[in-house]
Amino acid sequence: MSALSLFPQELLDAIVDSLDDDRPSMKACSLVCRAFRPYATARLFYELDLRSTLYSSMQWSKFHKLCLSSPHIPLTFRKLHLSFFHIHAGAGLAVIVLRMLKNVEILVMSVTPPVNLSPYLKSTLASMPIMHFTAENMQIRVKADFLLLLNECLPQMKTLSFLNVTCSDTEEKYRPITRTCLLENLVVLGERPMPEVLDAIADGYIGQLDELRYLRLGVAADGDPAFGRLIQLESVRNINLAPKGFIPPAKIMGDAINIHHLHDIILHIQDLPWLVACLSNPPPWTSALRRIRINARQYSEQDALLAALWAQLDDRLSQSHMTSLHTIQLWRCSDSAWTGICACCPQLLKAGVLQRHSVAPKRPIRNKD
């Protein structure tokens, strides 16, 4: 019996985890003994990037031979990076290789230049258990094709992320579908929020969003009311408004909307006018709002308007229907800003709701099942 067999598997896994930044040592660890091999192999072959310019037809052939000689390797990959351009470089062989990757759950896709998906590639993607899809550096010229990709190829998708994606197509070719979409998380980051695609998603073009829980907007250009429509969905519980630059809230989500069904809100201090306006009309039920986290980095104690907004916020959040609220966290808040905010919010401070944190809040843990 090997001495390592006396150690719990959790301890052996922790040893392998410590080698994340040292790939040669990780490779050596996978060959040391059988106890290390399964976990080390899973870490070595977790992510596969097929976007490299080196992936010519010859490279696809080499990778295909590797998959045939070691059939356990393609089954180990969980995250896949793809580019349409390099898929076409591999032609039919690329589809054969992709069909061997039967356990991929995370797909990151880019397109250079934009092309339509072949039927073989569509069926291949549909056969994968993909739950998290990211479109990055992509220009969507035909919105109908992109919606078809989401509808037909990613039926199990729970997380949809856009990173630097643009869309120039405004033509409507599909009707909203009635089936429930499994999407739980929607993230939009980049230069602009793609109003055409967001409008289509809000209209139900990828299905009814009965399971949507988390929304994040981080764009540096004027937004679109479609995001406000998504926020008002009764299933949404958490929103994160973290743009790279200042965006007037009215340009992001339109006028004041109902947010009392939300549990957690992350926003910038410049978004206070929008937040106060949304809280001005109390709902006929007890608000579900539990936590508000605000980036107070650009707060100025000399700003009379902000001081008045904090006073209004103190009044709105201290009303009887806000019994679920237990935390208002301020991060990146200077000493002088904290003193000024406390002076404007005596009720929240007395209730112990107002808190100060030195670090930015972590994103909520997403369901990986």
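Quick notes on this one:
- Couplings for region 334-340, taken from phi via the Karplus curve 6.51 cos²θ - 1.76 cosθ + 1.60 with θ = phi - 60°, read 6, 4, 5, 5, 4, 4, x Hz in order; Gly and Pro are left as x.
- Computed E for ALA28/SER127 - FRET, C-beta separation, R0 30 angstrom, nearest 0.05: 0.30
- Of the cross-linked pairs LYS27/LYS122; LYS27/LYS158; LYS79/LYS143; LYS62/LYS143, those separated by over 27 Å at the C-alpha level are LYS27/LYS122; LYS27/LYS158; LYS62/LYS143.
- Distant-in-sequence amide contacts of LEU80, defined by a placed amide H-H separation under 5 Å and a gap of 5 or more residues or a different chain, comprise LEU48, ILE106, LEU107, VAL108.
- Full extension of the chain between THR286 and ASP303 yields a length gain of 2.9 nm, computed as 0.36 nm times the residue separation minus the alpha carbon distance.
- LYS102 sits among other residues whose Cβ lies under 15 Å from its own Cβ, and their net charge, with Lys and Arg +1 and Asp and Glu -1, is +2.
- Taking Lys and Arg as +1 and Asp and Glu as -1, the other residues whose beta-carbon sits under 15 Å from that of SER18 total -3.
- When both region 281-334 and region 193-215 are represented by their alpha-carbon centers, they are found 28 Å apart.
Read-outs: derived from the displayed coordinates by stated rules, not from any lab. As the structure is a prediction and not an experimental result, all values here were calculated from the model. For neighbour counting, all protein chains shown are included, and Cβ atoms are generated from backbone atoms with ideal geometry for every residue, glycine included.
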